[in-house]
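The block underneath contains the structure these notes are about, expressed in C-alpha cells.
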Amino acid sequence: MTRFYRIIYTLIAPFIRFFFPRRVVGLEHLPEGGAILCPNHASGWDPFVVAVALPVDSRLTVMAKDELFHIPLVGWLLRKLGIFPVKRGGNDLAAMKTALRVLNEGSRLLVFPEGTRVDGQGEADAKGGVVVMAARTGTPIIPIYCGPKHKLFRKTTVVFGEPYWPVYAGRRPTAEESRQAAEEILRQIYALGEVDGWK
C-alpha cells in the first residue's frame, strides 16, 4: 500500500461515502492474507465504492482495463495508486504474472470477473482467469455484490461473501472446471444481492 494511495483514499473517501451512501456487510469474511475480490460490475463507480468499503490499510491492488492507461494523466495516476492494466479479449501474460505476484505477496486483488460493465446477471460470462489465479496461488475468491448502477444519494449495500475455493480434480483446473467454477462465482455474487443492510 503506497503512501500516495493513502493520501488519495483519505481525500476522496468522504466524498464517495456522501454521494453514494452505502452500508457494508460481511467484512469479517476477508482473510488475513491474499484474496481475490470479485464484485459484480454495473457501474464505473464500482471500484471506488468497493475500495472505500475497505479500510485504508487493506493492501488493495486493482486490475483495470488497459484502455484507461492510454489516457493522458489518468494512466500515470492509476499506476501511482497501485493499479495495473490488463488487455481484454485475450491472454495477457504480463497482467497474469503481476496478479500472481501481488497475491503471493499477501495483497488483496480486485478483479471484475465479468470483464465489463453489465446491467444484470447473465449478460456476460465470468472469465476463468480468476479461477487460474486462485489455483496457482492458493488464495480464496471473495464474492462481492456492490449493487446496481450507482445513482447519487441512492443507498447501496456492499456485501462481502464467504471465501470460495474452486473445486478441481488435478493439480490445475481444466478448462471445463474453470468454466464451472467461474459460473459458481457469479452465482454467489448475485445471490448476495438479496442482502439488505439497511433494514
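The values are calculated or read from the model by the stated rules, or taken from the named source; none is laboratory data. On a predicted model such as this, the values are computed, not experimentally measured, just so you know. We place every Cβ from the backbone using ideal geometry, glycine too, and count neighbours over all the protein chains shown. Calculation scope for accessible area: heavy atoms of the full protein, side chains included, ligands and nucleic acids excluded. Shrake-Rupley method; radii C 1.70, N 1.55, O 1.52, S 1.80 Å.
Across region 89-123, the qualifying residues are those that are farther than 23 Å from R187 by Cβ and basic (K, R), and the one among them that is most open to solvent (accessible area, probe 1.4 Å) is K97. Residues that are closer than 18 Å to G193 by Cα, in contact with a strand residue (DSSP E or B) (Cβ under 6 Å, 6 or more places away or on another chain) and β-branched (V, I, T) do not occur anywhere in region 28-47. Listed by first and then second residue, the pairs linking a residue in region 107-131 that is at pLDDT below 85 to a residue that is of a type in the set (V, I, T) and open to solvent by 30 Å² or more (accessible area, probe 1.4 Å), with Cβ atoms under 8 Å apart and 6 or more places separating them unless they lie on different chains, are A124/T116. Can you pull out every residue in region 60-76 that is touching a Gly at 6+ places or on another chain (Cβ under 9 Å) and surrounded by fewer than 19 Cβ atoms within 10 Å (Cβ to Cβ)? Passing the criteria: K65, L68, F69.
I'd like to know if region 15-22 contains one or more residues that are touching an Asp or Glu at 6+ places or on another chain (Cβ under 6 Å), without any contact (Cβ under 8 Å) to a residue 60 or more places away in the chain and surrounded by fewer than 18 Cβ atoms within 10 Å (Cβ to Cβ). Taking every residue of region 15-22 in turn, none turns out to be touching an Asp or Glu at 6+ places or on another chain (Cβ under 6 Å), without any contact (Cβ under 8 Å) to a residue 60 or more places away in the chain and surrounded by fewer than 18 Cβ atoms within 10 Å (Cβ to Cβ).
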